[in-house]
Amino acid sequence: MGKRLLHTIPSFLCIVSLLSFLLPTLHALPLSTNSRWIVDSNTGQRVKLSCINWSSHLELMVAEGLTKQPADVISKKIKDMGFNCVRLTYPIYLPTNETLASMTVRQSYLNNGLSKCLVADLQANNPSIVELPLIDAIQAVVASLAKNKVMVILDNHVSKPQWCCSMTDGNGFFGDKYFDPEVHAKRSRGNTQSQPKCISNSFRAKLRLRFNLPEEKAGISEFHRKASFRDSLMNNAGFLLEQGYPVYVGEWGLPLSGTSKDDRKFFNCFLALAVEHDLDWALWTLTGSYNLRQGIIGDNEVFGLLTWNWTDVRNTTFLEKISVIQSPHRGPDPTYRHTHKIIFHPSTGQCIVKDPVKGIKLGSCFESDHWIYTPELTIGIKDSFHCLKAKGLNRRARLATDCVGGGTKWLPITASKLHLATRLDDYSVACLDVDSNNTLITTACKCLSIDDNVCDPGSQWFKIADANANAVTTN
């Protein structure tokens, strides 16, 4: 992945990867595209890529975690956590340098200064891999994922095996020290085309072109400022959706041991964007710890979904929140019909649903009522007379049948377009909010200034997004 981020800046990340979806590796599924959607070629059903990164591009050139758990245990855990796909990173030197490719896993560990104890741990957990050539070891990991019905995107992360990335590591794109386009074009697919679950290749963690251009013009889509995040992503990559091309976010993530206010803002903003556009994506990262990273043995990965010993989920609340974007909400016509709206609250990962006692509450987005957002700016339940209504400041939001007058017209405001505001009968303005008991209320709008870096708007952020009645998970 990218450089280790400094503590002095927000530590979230988002990188849009380049994928080749129509490679020969697709013949066993097969997948294709229908406008911006990735679909099953046989049924036309949407196949949403809900992926997680698994690193094998560092100096050892072996998938991380194999000294801690058997490959099949890790693969099954990936599936059980709701992911249907792995972005498996590797260095281009692995399939192109015969000396490296033929080196055994044991030799790689010992040559890089790791102890025989670590080799013994690998032997205990994955005895069949220890004496394999490196190129066959990555094949074994792909086979394990396939056995557990997890699709694989082979990601040529770097050329020379090492931690990525910096502007001076020589692992960028054209003109960089370790990038040979002819070699890359010839061998970037590696030796995994026979694996039935390898669906595509992606290349380069970040396209670090050596020109005097702003980073976003140089092919890098990494963002460290919440205010510009949405516009930057849509201007640099998201516009392709409107032109009928798939967009896949190859890396996004944040520290999971404890999140800062800026990280929470990014997380909420990304979830809202991912729900709005029903994006395909890959989380950074599965890796709980690295056998060897930048000279450190057993280095902890704060972005890792798994704990240091690869046994448990580091942050179960985070995993619960991202479940809303692991399954598809939309898809291509005519497979998906009956479009409606959901009202998503990123901070909780839930949606507004009808409740027989409270009127409305937060609940599972996949059990959401079918909402509509009318040209008159009312928010109502489809095929009913009920609409969302504000009764006053610091009062519970309600469903009402009187859908005219104050408190019934809702407008997304601010640069984020995530505050839902309404004008009350007394002409004051209120925003939809969630209190400490997860009750839906209306309060004075907060955090409206783009320059306010102290206020946290999360409780007042909502996204009205399109959904389809029969959108279902396709693995």
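The values are calculated or read from the model by the stated rules, or taken from the named source; none is laboratory data. In this text, all values refer to a predicted model and were calculated from it rather than measured experimentally. Using ideal geometry, Cβ is built from the backbone for each residue, glycine included, and neighbour counts are taken over all protein chains shown.
Conditions (1) part of a loop (DSSP other than H, G, I, E, B); (2) over 19 Å from Ala143 (Cβ atoms); (3) assigned by TED's automatic domain parsing to the domain that holds Val249, marked per residue:
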site	(1), (2), (3)
Gly44	yes, yes, yes
Lys48	yes, yes, yes
Glu59	yes, yes, yes
Gly65	yes, no, yes
Ile74	no, no, yes
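Does at least one position in segment 281-292 carry a residue that is in a helix (DSSP H, G or I) and in contact with a strand residue (DSSP E or B) (Cβ under 8 Å, 6 or more places away or on another chain)?
Looking for residues that are in a helix (DSSP H, G or I) and in contact with a strand residue (DSSP E or B) (Cβ under 8 Å, 6 or more places away or on another chain), one finds none in segment 281-292, hence no.
Please verify whether His277 is under 26 Å from Ile199 (Cβ atoms) and either surrounded by fewer than 21 Cβ atoms within 10 Å (Cβ to Cβ) or among the small types (Gly, Ala, Ser) (or both), treating the condition exactly as stated.
It is true that His277 is under 26 Å from Ile199 (Cβ atoms) and either surrounded by fewer than 21 Cβ atoms within 10 Å (Cβ to Cβ) or among the small types (Gly, Ala, Ser) (or both).
Write out, first by first residue and then by second, each pair whose Cβ atoms fall under 9 Å of each other, whose residues are 6+ apart or on separate chains, and whose first residue, in segment 394-409, is on the phi > 0 side of the Ramachandran plot and in the same structural domain as Arg423 (by TED's automatic domain parsing) while the second is β-branched (Val, Ile, Thr) and not in a loop (DSSP other than H, G, I, E, B).
Hits for this filter: Asn394/Ile441; Asn394/Thr442; Asn394/Thr443; Gly407/Thr422; Gly407/Thr442.
Kindly list, by first and then second residue, each pair from a residue in segment 231-254 that is over 15 Å from Leu49 (Cα atoms) and surrounded by 13 or more Cβ atoms within 10 Å (Cβ to Cβ) to a residue that is modelled with pLDDT under 85 and of a type in the set (Gly, Ala, Ser), limited to pairs with Cβ atoms under 7 Å and residues at least 6 apart or on different chains.
Taking only residues 6 or more apart or on different chains, the pairs are Leu233/Ser221; Asn236/Ser221; Ala237/Ser221; Leu254/Ser11.
Is one or more of the residues making up segment 152-171 assigned to a helix (DSSP H, G or I) and either in contact with a Pro (Cβ under 8 Å, 6 or more places away or on another chain) or surrounded by fewer than 20 Cβ atoms within 10 Å (Cβ to Cβ) (or both)?
No, segment 152-171 contains no residue that is assigned to a helix (DSSP H, G or I) and either in contact with a Pro (Cβ under 8 Å, 6 or more places away or on another chain) or surrounded by fewer than 20 Cβ atoms within 10 Å (Cβ to Cβ) (or both).
What's the number of the only condition in (1) part of a loop (DSSP other than H, G, I, E, B); (2) within 19 Å of Lys354 (Cβ to Cβ); (3) not polar (S, T, N, Q) that Ala465 fails to meet?
Going through (1) part of a loop (DSSP other than H, G, I, E, B); (2) within 19 Å of Lys354 (Cβ to Cβ); (3) not polar (S, T, N, Q) one by one, Ala465 breaks only (1).
Among the numbered criteria (1) within 24 Å of Lys321 (Cα to Cα); (2) under 29 Å from the mean Cα position of the chain (by Cα), which one does Ala397 miss?
Failed condition: (2).
Based on this model, can you work out whether Gly331 counts as within 25 Å of the chain's Cα centre (by Cα) and either modelled with pLDDT under 95 or not assigned by TED's automatic domain parsing to the domain that holds Ile441 (or both)?
Considered against the rule, which asks whether it is within 25 Å of the chain's Cα centre (by Cα) and either modelled with pLDDT under 95 or not assigned by TED's automatic domain parsing to the domain that holds Ile441 (or both), Gly331 comes out as yes.
Would you mind telling me which numbered condition in (1) surrounded by fewer than 23 Cβ atoms within 10 Å (Cβ to Cβ); (2) in a helix (DSSP H, G or I) Val141 fails?
Failing condition for Val141: (1).
Name the residue that is nearest to Gly65 (Cα to Cα), counting only residues in segment 85-106 that are out of contact with any helix residue (DSSP H, G or I) (no Cβ under 9 Å at 6 or more places or on another chain) and polar (S, T, N, Q).
Of everything passing the filter in segment 85-106, Thr89 is nearest to Gly65 (Cα to Cα).
Would you mind stating whether Pro346 is under 20 Å from Val275 (Cα atoms) and either free of Cβ contacts under 8 Å to residues at least 12 places away in the same chain or touching a helix residue (DSSP H, G or I) at 6+ places or on another chain (Cβ under 7 Å) (or both)?
Yes.
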